[in-house]
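Enquirer: Here it is: the structure, laid out below.
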Amino acid sequence: MTIAALYSALLILLLTVLGLNVSRTRIREKVAFGDGGNRPLQGAQRAHLNALEQIIPLLPMLWIIAWLGGSPWSIHLLGISLFVSRVLHAIGMLQRNFLFRRLGALISFVLGIVMPVWILVLLAMR
């Protein structure tokens, strides 16, 4: 479970950094509410929200795999993959690097298939 806690902390720090970037961009661009049609602010918001949209369903599955007795190496592999996918995607969104964005999204979507299947396998083995 401590391995899942490590990746939880890293992912929450990533979300916090992305949220702070939204605030920084909002101040720099002088947009108080919404996005004001401001492209840099829209990009910062989407980078933050896309990370949140993927972390919300995937992080609890990491904890479930740990709770069901997933091996430490598997939890590390999944946790690292999740963290790297979200960092790549955020960089891709913020720097308009479509390759990083696409790679981050692909890894997240693969995890969205692998993790629930992994849970089902662990449940079947009980």
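Bear in mind these aren't lab numbers, they're just calculated from the coordinates by the rules spelled out. Worth saying up front: this structure is predicted, and the values here are computed from it rather than measured. Positions of Cβ are generated from backbone atoms using ideal geometry, with glycine treated the same way; all protein chains shown enter the neighbour counts.
Enquirer: When a/c reaches 1.5 or more, the comparison of a/b and b/c decides; with that in mind, is the chain rounded, prolate or oblate per its Cα gyration tensor? Walk me through the numbers before you get to the answer.
Expert: Details: a/c = 2.93, a/b = 2.30, b/c = 1.27.
Because a/c hits 1.5 or more and a/b exceeds b/c, the chain counts as prolate.
Enquirer: Something else: Under unit Cβ charges (Lys, Arg +1; Asp, Glu -1), what dipole magnitude, rounded to 20 debye, does the chain have relative to its Cα centre? Show your work: numbers first, answer last.
Expert: Values: 11 positive and 3 negative charges, 81 e Å.
The calculation lands at about 400 debye.
Enquirer: Going through the DSSP H helices of the chain, which span 18 Å or more along their own axis at the Cα atoms while scoring at least 0.5 as a mean Kyte-Doolittle hydropathy? Please report the intermediate quantities before stating the final value.
Expert: Numbers: long enough: 2-29 (40 Å, 1.14); 39-67 (42 Å, 0.46); 72-94 (33 Å, 1.34); 98-124 (39 Å, 2.14).
For the chain, where a helix must reach 18 Å along its axis and average at least 0.5, the hits are 2-29, 72-94, 98-124.
Enquirer: I'd like to compare 91-103, 55-67: which one has the highest average count of other Cβ atoms within 10 Å, and what's the full order after that?
Expert: On the way: 91-103: 15.8, 55-67: 17.8.
My ranking of the peptides, most packed first, is 55-67, 91-103.
Enquirer: Let me ask you something else. With a/c under 1.5 counting as rounded, go ahead and sort the stretch 45-85 into rounded, prolate or oblate using the C-alpha gyration tensor (a ≥ b ≥ c being the square roots of the eigenvalues; past the cut-off, prolate if a/b is larger than b/c, else oblate). Before the final figure, lay out the partial values.
Expert: Numbers: a/c = 5.80, a/b = 2.04, b/c = 2.85.
The shape class here is oblate.
Enquirer: A follow-up question, please. Explain nothing, just the number: relative contact order of the chain, from Cα pairs under 8 Å at least 6 residues apart, as a whole percent.
Expert: Result for the chain is 27 percent.
Enquirer: Once every DSSP H run of n ≥ 4 in the chain is given -39500 (n - 2.57) and the sum is divided by its residues, what mean residue ellipticity at 222 nm do you get, rounded to the nearest 500 deg cm²/dmol?
Expert: On the way: 4 runs with 107 residues, N = 126.
Per the formula, -30500 deg cm²/dmol.
Enquirer: Placing +1 on the Cβ of each Lys and Arg and -1 on the Cβ of each Asp and Glu in the stretch 2-124, which of 7, 103, 59 has its Cα farthest towards the positive end of the resulting dipole?
Expert: 103
Enquirer: Right, another one. Mind checking the full-extension length gain between residue 67 and residue 102? Use 0.36 nm per residue of separation minus the Cα-Cα distance, one decimal, nm. Mind showing how you got there, number by number?
Expert: Working: separation 35, 0.36 × 35 = 12.60 nm, distance 3.09 nm.
Using 0.36 nm per residue and subtracting the Cα-Cα distance, I get 9.5 nm.
Enquirer: Any chance you could run the full-extension gain for residue 29 through residue 10? It's 0.36 nm times the residue separation minus the Cα-Cα distance, nm to one decimal. Can you show the working numbers first?
Expert: Numbers: separation 19, 0.36 × 19 = 6.84 nm, distance 2.83 nm.
Extending this stretch completely gives an extra 4.0 nm.
Enquirer: How do 71, 81, 108, 8 rank when sorted from fewest to most other Cβ atoms within 10 Å of their own Cβ? Each step should come with its number before you reach the end.
Expert: Numbers: 71 11, 81 19, 108 23, 8 16.
Final ranking by Cβ density, sparse to dense: 71, 8, 81, 108.
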